[in-house]
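Right, one structure below, let's go through it.
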Amino acid sequence: MTRLSRKDWLVLCSRPPVILDGAWGSLLQQRGLSAGTAPESWNLSHPDDVLAAGEAYVQAGSQIILTNTFGGNRISLARHGLADQAAVINRTGAELSRQAADAGLSRQSVDAGPSRQAAGAGPSRQAAGSGALVFGSIGPTGAMLMMGEVTAAQMSEAYGEQAEALKDGGADGLVIETMADLEEAVIATRAAVSTGLPVVSCMVFDSGPNNDHTMMGVAPAQAAEALEDAGAWAVGANCGRGPEDFLPLCRAFRAATRLPLWMKPNAGLPEFEEGKTVYRMTAEQFAGLVRPLWEQGGATFVGGCCGSNPAFIQALATNPSE
Amino acid sequence: MDTILNKLTRCIEFGKTDKAAAWPPDMKDQDGADELALRALEEGHPPDQILDALIAGMEVVGRKFSENKIFVPQMLMSAKAMKAAMTHLKPAFESGAAKRKGTFVIGTVQGDLHDIGKNIVAMYIEGSGYEVVDLGVDVKPEQFLVEIDKHPGCVVGLSALLTTTMINMKRTVDVIRETHPKQVICVGGAPVSEKFCREISADFYSPDPQGAVAFLNRLAS
């Protein structure tokens, strides 16, 4: 039962920009999540706070929100002693985002009625300017294949488990994010693709002389080719750098693939001030710098990563095509 | 002149661990750091000279890395080759026939579970001739104190990946300085900067492992 058919997907992709969400971790920290606690554990212990983060993005204008499951693979969760709860953490994460997306729907479309089915899934809801789609977030394991810290088979199993649980929880699609190692990104993509859901695969480009390689030395063209081969429906970049550095990335991806592009830059680079981390970029500056990504760079999906918040998404979503 | 020590330097530079290793493809079926280090010892080369040859290779790797000519995987392969060669030198270190330049105590600060960057720095510093005490991730300030007392004259290195956990670097520096006001402390990690280093009164920041080794070498000389 795929919620988002190929046709729905094509319709969605034909109307750039599709507005994504921003950072989740910082919203949870404002609600008391402490450094060192696995943010994903809040899906079980603080579901109302996770729901509130999702709702804030839906209200800000996100057409797609992600899930609080970035570190939800069992290899990452094992560092917090939570490996055995991987399935329930991911399923609940998807359910919470689903609930946030549907709450936005019932608030915004008065005539559509409370039932999601009645309003119709996918782009038809989008067209009515109501509700949001949910894409399950899948981040890296933090273990290195080339150093033998984990095997490809273990990785594939962990990602497969996470992807299935996100689907069970009601995700419309899956997003592989912040990958530095191409082999790991390909393994995660294949595992996600096997659920039958649309899959977006992104890597983090923050190294090399022009900040256009991943830490492991992967360039956008290489990433595009390998991830498309692995079955990704869209490819792109997230995190690492601010929006200025994403225009060259868009162009490099665009030259290498015809797949839709997904771009989630940080709100610039962080500074440290009086014991606190601050991002100086304003929501309006961010929106101004993200605009060229779809106007000139060929991006379809745009949102924010570290340092962004619902105000940034609202700035993006306000008259984006003007 | 292609001496065995030159060959050893090249094995480190290009990450050739042993004869069976497939990497790098153009050194296939050649002896690697493992075989060459053992043979150099058997041929009577002093362990100190062998160590210098290894360090020379690592220096080239560090330079290429900081000049963005190579990326993490090549660095890791070189570290792997270094490790293979060092296994043979271990008895020489224990007997005192070869000496390390100093001790570096490294760890990812409390609350942060990321270790890739920390491991790379640890491997590079070890490959540059230092004894490295790796305390792992989520290291409490008190754990650093224990190691500082065990290794007088050591330099401490703090790592953090997240903007939320780099705050704990300040607390770690403060706790260490309470009892060890002159302890030398280096900081590094994706969100860390020179400015942040100054603000928390740490002694040194480098964006790459090569800079850290240059700093350690200045202290040791």
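Just so it is clear, none of the values below were taken in a lab; they were calculated from the coordinates. Note that the structure is predicted; figures quoted are calculated from it, not measured. Cβ atoms come from the backbone with ideal geometry, glycine included; neighbour counts cover every protein chain shown.
State the three equivalent ellipsoid semi-axes of the range B:103-220, derived from the C-alpha gyration tensor as the square roots of 5 times its eigenvalues, in descending order and whole Å.
Sorted largest first and rounded, they come to 18, 16, 14 Å.
Any idea what the relative contact order of chain A is, in percent, if you count C-alpha pairs under 8 Å spaced at least 6 apart?
19
May I ask you to evaluate 6.51 cos²θ - 1.76 cosθ + 1.60, the Karplus curve with θ = phi - 60°, for each residue of the range B:74-90 and list the ³J(HN,Hα) values in order in whole Hz, giving x for glycine and proline?
Working through the residues one at a time gives 5, 4, 5, 5, 5, 5, 5, 4, 4, 4, 4, 5, 5, 3, 6, 8, 3 Hz.
For a protection proxy built on the mean count of beta-carbon atoms within 10 angstrom, sort A:12-19, A:311-318 highest first, please.
Listed from highest to lowest mean packing, they are A:311-318, A:12-19.
Averaged across the residues of A:31-39, what count of C-beta atoms belonging to other chains lies within 10 Å of each residue's C-beta?
3
Per Stokes-Einstein, at 37 °C and 0.692 mPa s, what whole-number D in µm² s⁻¹ belongs to the range A:6-317, with the Kirkwood radius over Cα pairs as the hydrodynamic radius?
It comes out at roughly 172 µm²/s.
Under a cut-off of 25 Å between alpha-carbon atoms, report the lysines in cross-link reach of A:Lys7, not counting same-chain residues fewer than 8 places apart.
A:Lys167, A:Lys264
How high is the FRET efficiency from B:Ala56 to A:Val11, r the C-beta distance, R0 51 Å, rounded to 0.05?
Working from the Cβ atoms, E equals 0.25.
Tell me, what is the FRET efficiency for A:Gln30 and B:Ala220 to the nearest 0.05, using R0 = 41 angstrom and their Cβ-Cβ distance as r?
Efficiency computed from Cβ-Cβ geometry: 0.35.
Which one, A:Leu289, A:Ala185, A:Gly61, is farthest towards the positive end of the dipole of the range A:6-317 when Lys and Arg carry +1 and Asp and Glu -1 on their Cβ?
Projecting each Cα onto the dipole axis, the largest value belongs to A:Gly61.
Using the Karplus curve 6.51 cos²θ - 1.76 cosθ + 1.60 with θ = phi - 60°, what ³J(HN,Hα) values do you get for each residue of the range B:39-55, in whole Hz, with x for Gly and Pro?
Rounded to whole hertz, the list is 5, 4, 5, 4, 6, x, 5, x, x, 4, 5, 5, 4, 4, 5, 5, 4.
I need the peptides B:49-55, A:159-165 ranked by packing, meaning the mean over residues of other C-beta atoms within 10 angstrom, with the highest value on top.
Packing order, densest peptide first, comes out as A:159-165, B:49-55.
What does the helix-only formula give at 222 nm for chain B: each DSSP H stretch with n ≥ 4 adding -39500 (n - 2.57), the total divided by the residues, and the result rounded to the nearest 500 deg cm²/dmol?
-17000 deg cm²/dmol
Checking the table B:Lys101/B:Lys140; B:Lys64/B:Lys99; B:Lys16/B:Lys64; B:Lys19/B:Lys99; B:Lys80/B:Lys140; B:Lys69/B:Lys195 against a 19 Å threshold on Cα-Cα, which pairs fail?
Beyond 19 Å between Cα atoms: B:Lys101/B:Lys140; B:Lys64/B:Lys99; B:Lys19/B:Lys99; B:Lys80/B:Lys140; B:Lys69/B:Lys195.
List the trypsin sites (Lys or Arg not before Pro) in the range A:245-299 that DSSP assigns to loop (not H, G, I, E or B) and whose Cβ has at most 11 other Cβ atoms within 10 Å. Which are they?
When the trypsin sites (Lys or Arg not before Pro) of the range A:245-299 are filtered for loop state and at most 11 Cβ neighbours within 10 Å, A:Arg258 remain.
Tell me, what ³J(HN,Hα) does each residue in the range B:156-162 have, in order and in whole Hz, if you take phi through Karplus 6.51 cos²θ - 1.76 cosθ + 1.60 with θ = phi - 60° and put x for Gly and Pro?
In residue order, the calculated couplings are 9, x, 10, 10, 7, 9, 9 Hz.
If packing is taken as the average count of other Cβ atoms within 10 Å, what order do A:218-231, B:112-125 fall into, highest mean first?
Ranked by mean Cβ neighbours within 10 Å, highest first: B:112-125, A:218-231.
In nm, what is the difference between 0.36 nm times the number of residues separating B:Asp174 and B:Lys19 and their Cα-Cα distance?
The B:Asp174-B:Lys19 span can extend by a further 51.0 nm.
For the range B:4-95, build the charge dipole from Cβ charges (+1 Lys, Arg; -1 Asp, Glu) around the Cα centre, then report which of B:Pro24, B:Cys11, B:Met58 sits farthest towards its positive end.
B:Pro24
Within straight cross-link reach of A:Lys276, meaning Cα distance under 12 Å, which aspartates and glutamates are found once same-chain residues fewer than 8 apart are removed?
B:Glu199
How well do other chains shield peptide B:161-169, expressed as the mean number of their Cβ atoms within 10 Å of each residue Cβ?
Per residue, the average neighbour count from other chains is 5.
Sum -39500 (n - 2.57) across every DSSP H segment of at least 4 residues in chain A, then divide by the residue count to get the 222 nm mean residue ellipticity, nearest 500.
Calculated mean residue ellipticity at 222 nm is -12500 deg cm²/dmol.
Determine the shielding of peptide A:146-153 by partner chains: average, over its residues, the number of Cβ atoms on other chains within 10 angstrom of each Cβ.
The per-residue average across the peptide is 2.
Please check which bits of the range A:77-103 a label hung off A:Glu149 would reach, taking the label as a point 7 Å along Cα-to-C-beta and the cut-off as backbone N under 12 Å.
A:79
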